[in-house]
Amino acid sequence: MPEFTKFRWQSNTSNIKDEYLTHSKSSTQIICWGALKDAAHKVRNVSCQFGQQYGFGARHVVRELVFDDDVNWIARVNLPEMNLGTQEHNLSKGIGFSTWTGESAAALQSEIDTMSFIHEYTDIPVPQVFLYDTGANNAVGAPYMLMECIKGNPALDVAAHPNKIPAQYHAKYIEAEASIVVITLLRLTLIYR
């Protein structure tokens with residue numbers, strides 16, 4: 001499987017439990033990665049494997065999916081709420097999605113709808129979402145989305161180091177950033193009217 005070489009992933013990997021990356025699900029594991037891989041295979045009808053790249057955010061884990069035809073997707077799976085700074089993050093205590101509510105599912109659905117809207121109606125590079133489930137009662141064991149892999153560095157990383165942007169691309173970068181802000185504000189205006 002090819003590794004990503006065009007960009008880097010940054011992630012908080014401290015306090016990460018192996019159970020989050022294990023492929024089969026047991027009573028001490030939250031995510032059934034095999035079920036997620038099977039779902040991706042069914043959508044494309046091409047076999048795939050999880051690549052070496054992964055990242056953890058405050059509320060989700062993100063992993064690369066590499067298909068046999070060298071197409072890359074991203075699997076993003078929500079994590080249950082827990083305090084990683086305490087002993088309470090021990091997964092063997094049966095931590096699950098008991099706090100995942102209809103409101104949580106609606107928030108995830110809104111995020112997916114926003115991504116789809118921006119992908120379809122603008123030229124802002126937002127991943128296409130191919131498959132998702134906003135509920136926690138599924139074969140994966142958690143809310144998830146499978147989406148297109150856009151190879152590039154996060155804007156926050158670039159903005160933090162403006163000298164990384166070649167001079168000939170500064171204006172294009174600023175213009176793209178302004179477009180994203182305008183589209184986001186328009187979407188929020190439509191949502192909260």
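The values are calculated or read from the model by the stated rules, or taken from the named source; none is laboratory data. Here the structure is a predicted model, which is why all the values come from computation and not from measurement. Using ideal geometry, Cβ is built from the backbone for each residue, glycine included, and neighbour counts are taken over all protein chains shown.
Some points to look at:
- Scanning segment 69-106 for residues being aliphatic (A, V, I, L, M) and either modelled with pLDDT under 90 or over 24 Å from Leu146 (Cα atoms) (or both) gives a total of 5.
- Some residue of segment 126-133 being under 30 Å from Asp38 (Cα atoms), modelled with pLDDT of 85 or more and in contact with a Lys or Arg (Cβ under 7 Å, 6 or more places away or on another chain): no
- Taking every residue in segment 105-121 that is in a helix (DSSP H, G or I) and pairing it with any residue that is among the aromatic types (Phe, Trp, Tyr), at least 6 positions away or on another chain, the pairs with Cβ-Cβ distances below 8 Å are Leu108/Tyr132; Ile112/Tyr132.
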